[in-house]
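Just below is one structure, and these are the notes that go with it.
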Amino acid sequence: MKIIKSVNMRLFLFPVSWLLLCCCWMAQAEIFTSIGQMTDLLYTEKELVHSLREYIKAEESKLAEIKSWARKLDDLTRVSTSDPEGYLAHPVNAYKLMKRLHSEWSQLENLVLQNPSDGFISNVTMHRQYFPDAEDEKGAAKALMRLQDTYRLDSEDFSKGRLPGMHSKAVLTVDDCFDMGKTAYNEGDYYHAVLWVQQALKQLDAGEEAVVSKAAILDYLSYSVYQMGDLPRAIELTRRLVAIDSSHQRAGGNLRYYEKLLLKKQNDEQQEEEQADHSSSEEPIQLGTYVRPKDHLPEREIYEALCRGEGAKMTEARRSRLFCRYHDGSRNPRLLLKPIQEEDEWDSPHIVRYLEALSDYEIEKIKEMAKPRLARATVRDPKTGVLTTANYRVSKSAWLEEEDGPVISRVNQRIQDITGLTVDTAELLQVANYGVGGQYEPHFDFSRRPFDSNLKVDGNRLATFLNYRDEPDAFKRLGTGNRVATFLNYMSDVEAGGSTVFPDLGAIIQPRKGTAVFWYNLFDSGEGDYRTRHAACPVLVGSKWVSNKWIHERGQEFLRPCGLTKVD
């Protein structure tokens with residue numbers, strides 16, 4: 001029970017909160033954001049269902065045997081008690097009575113005491129260590145809300161299984177929607193709490209059965225609406241709550257408090273007609289009824305619009321400057337006989353895509369090696385340079401080196417041949433798997449240096465330069481300089497979502513299995529190209545596998561000569 005102590009009516013304002021197994025975010029929590037690992041859970045669940053059925057058969061067999069005993073003894077006692085003395089006058093009957101009470105009833109007792117559930121319980125206990133925990137469940141709920149925001153999906157779309165490009169039987173019940181709302185509520189996210197608890201109420205009013213009561217739904221919804229500043233609707237919902245549960249411990253106090261606040265607001269603004277102007281609506285609260293709270297990301301709206309395929313700046317003039325060609329790596333011997341196909345994705349900064357960069361065999365081998373090692377993806381802390389988890393990067397990753405198998409060595413060599421840059425100083429091949437709502441919000445791959453006021457940049461780019469904090473020592477401990485370039489392999493197609501977008505450019509790059517995209521993060525001068533800020537959009541439907549190679553400055557001195565100006 002969550003009790004908020006305050007003055008006046010505050011005691012009445014907070015619905016009962018549900019205790020979670022883990023209330024605090026822990027950095028080491030292993031959230032199941034990897035589809036690759038979640039597939040194992042499906043097979044685990046299948047095994048447990050089989051074990052459950054075996055347990056049911058054992059229980060049914062045991063019960064059938066007990067019923068057989070009961071029928072036999074019922075017939076026997078009916079005869080014996082009709083004439084007890086006459087029955088026992090026969091010596092065989094007397095013997096069998098002694099035998100039954102001494103031996104056979106003991107056998108029956110042992111049968112009843114047998115517990116066929118032992119095997120099932122043991123199986124569950126063995127697998128429980130791999131089960132998602134409270135943080136995983138909360139993370140999955142927040143992932144659905146992330147998808148809801150990014151792709152502007154109504155709660156009912158999720159509830160009915162209506163996602164872009166697919167209709168499925170994966171539906172959410174009243175209790176599922178209510179639990180989603182509670183997750184948001186307990187996080188202080190009343191915006192999403194309203195959307196999901198409202199959906200629970202809508203489905204309950206439509207006649208769907210549920211464990212949660214209507215009073216509980218109205219309790220959470222009315223307070224969440226109040227937190228969103230909608231007093232008239234909060235009053236209407238609380239009145240509905242009082243009507244079905246007049247003894248509710250908070251409803252009456254809340255209603256008086258809300259009405260008092262509304263009256264005070266009217267008096268302060270000296271608008272007696274406000275009651276009519278702000279009368280509550282009986283219409284369901286839809287996506288867009290309330291304004292979504294602002295967060296830490298400065299280009300949130302641009303980023304999410306690009307993820308939806310909106311706001312792309314691919315004009316006909318720019319498209320006319322894009323070409324495709326065969327690339328032989330400046331007559332690299334390994335590419336002469338079979339040049340790789342190269343396609344321009346963007347002109348400036350130059351972003352290219354390479355076709356058939358990875359074979360299906362290589363992809364499967366890389367996934368096979370990475371899957372057992374997948375762990376919550378990390379980012380480098382700009383102050384300490386230490387890798388840490390962050391809520392804005394939701395995926396699981398693994399790092400593979402050449403000693404892990406010949407495939408990794410072959411892939412590294414191919415990257416070096418294609419780019420003309422050495423990978424001797426590059427970071428290990430990072431493999432990432434994005435699952436439910438998996439994403440990586442807009443970020444730079446390179447470390448930022450203090451801004452040089454002498455740089456010649458336009459006003460928009462200057463604002464971008466100044467908007468992000470410096471982290472000059474992010475890769476200092478590596479001793480290989482900054483990340484000069486990024487080589488990103490797509491190892492799966494994605495049914496919906498999962499694009500790579502560049503908010504400053506308005507560029508959208510779709511994942512295509514077997515292809516790779518490449519761009520420089522630094523100008524020839526070594527200065528960071530702030531236009532390369534990019535993001536991995538949330539995966540809406542599907543499983544996204546990528547692997548990337550971050551190539552560093554050291555060793556490239558004669559492979560990529562320095563430019564003559566700071567910003568080319």
Considering residues of segment 36-73 that are among the charged types (D, E, K, R) and in contact (Cβ under 8 Å) with a residue 24 or more places away in the chain only, the residue nearest to PHE131 (Cα to Cα)
ASP40
Taking ALA193, is it of a type in the set (Gly, Ala, Ser) and within 20 Å of the chain's Cα centre (by Cα)?
yes
Give the residues of segment 228-247 that are surrounded by 17 or more Cβ atoms within 10 Å (Cβ to Cβ), within 24 Å of MET145 (Cα to Cα) and not basic (Lys, Arg), sorted by residue number.
MET228, ASP230, ALA234, LEU237
Identity of the residue in segment 288-317, surrounded by fewer than 16 Cβ atoms within 10 Å (Cβ to Cβ) and outside any loop (DSSP other than H, G, I, E, B), that ends up nearest to the chain's Cα centre (by Cα)
GLU301
So GLU343, is it modelled with pLDDT of 90 or more and out of contact with any Ser or Thr (no Cβ under 8 Å at 6 or more places or on another chain):
yes
I need every pair where a residue in segment 526-540 that is farther than 16 Å from GLU345 by Cα and among the β-branched types (Val, Ile, Thr) has its Cβ under 8 Å from the Cβ of a residue that is open to solvent by 20 Å² or more (accessible area, probe 1.4 Å) and in a loop (DSSP other than H, G, I, E, B), sequence separation at least 6 or different chains.
VAL539/VAL436; VAL539/VAL494
Taking segment 331-349, which residues are open to solvent by 80 Å² or more (accessible area, probe 1.4 Å) and closer than 21 Å to THR515 by Cβ?
ARG334, LEU337, LYS338
Would you be able to tell me the number of residues in segment 346-375 that are of a type in the set (Lys, Arg), in contact with a strand residue (DSSP E or B) (Cβ under 9 Å, 6 or more places away or on another chain) and either farther than 15 Å from SER547 by Cα or modelled with pLDDT of 95 or more (or both)?
2
Test for LYS142: is it open to solvent by 40 Å² or more (accessible area, probe 1.4 Å), in a helix (DSSP H, G or I), modelled with pLDDT of 85 or more and within 30 Å of ASP189 (Cβ to Cβ)
yes
Quick one: which residue in PHE502, PHE465 is open to solvent by less than 30 Å² (accessible area, probe 1.4 Å), under 29 Å from THR315 (Cβ atoms), modelled with pLDDT under 90 and aromatic (Phe, Trp, Tyr)?
PHE465
Consider PRO406 against the criteria (1) surrounded by fewer than 18 Cβ atoms within 10 Å (Cβ to Cβ); (2) closer than 23 Å to ASN482 by Cβ; (3) out of contact with any His (no Cβ under 8 Å at 6 or more places or on another chain); (4) modelled with pLDDT of 95 or more: it satisfies all of them except one. Which criterion is unmet?
(2)
Which of the helices (runs of 4 or more DSSP H) contained wholly in segment 150-242 include at least 3 residues that are under 17 Å from GLY437 (Cβ atoms)?
155-159, 174-186, 190-205
Applying the selection to segment 424-436, what residues are open to solvent by 10 Å² or more (accessible area, probe 1.4 Å) and touching a Phe, Trp or Tyr at 6+ places or on another chain (Cβ under 9 Å)?
ALA426, GLU427, LEU428, TYR434, VAL436
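The values are calculated or read from the model by the stated rules, or taken from the named source; none is laboratory data. All values reported here derive from a predicted model rather than from experimental measurement. All Cβ positions, even for glycine, are placed from backbone atoms using ideal geometry, and neighbour counts span all protein chains on display. Note: accessible area is taken over every heavy atom of the protein model, side chains too, but ligands, DNA and RNA are not part of it. Shrake-Rupley method; radii C 1.70, N 1.55, O 1.52, S 1.80 Å.
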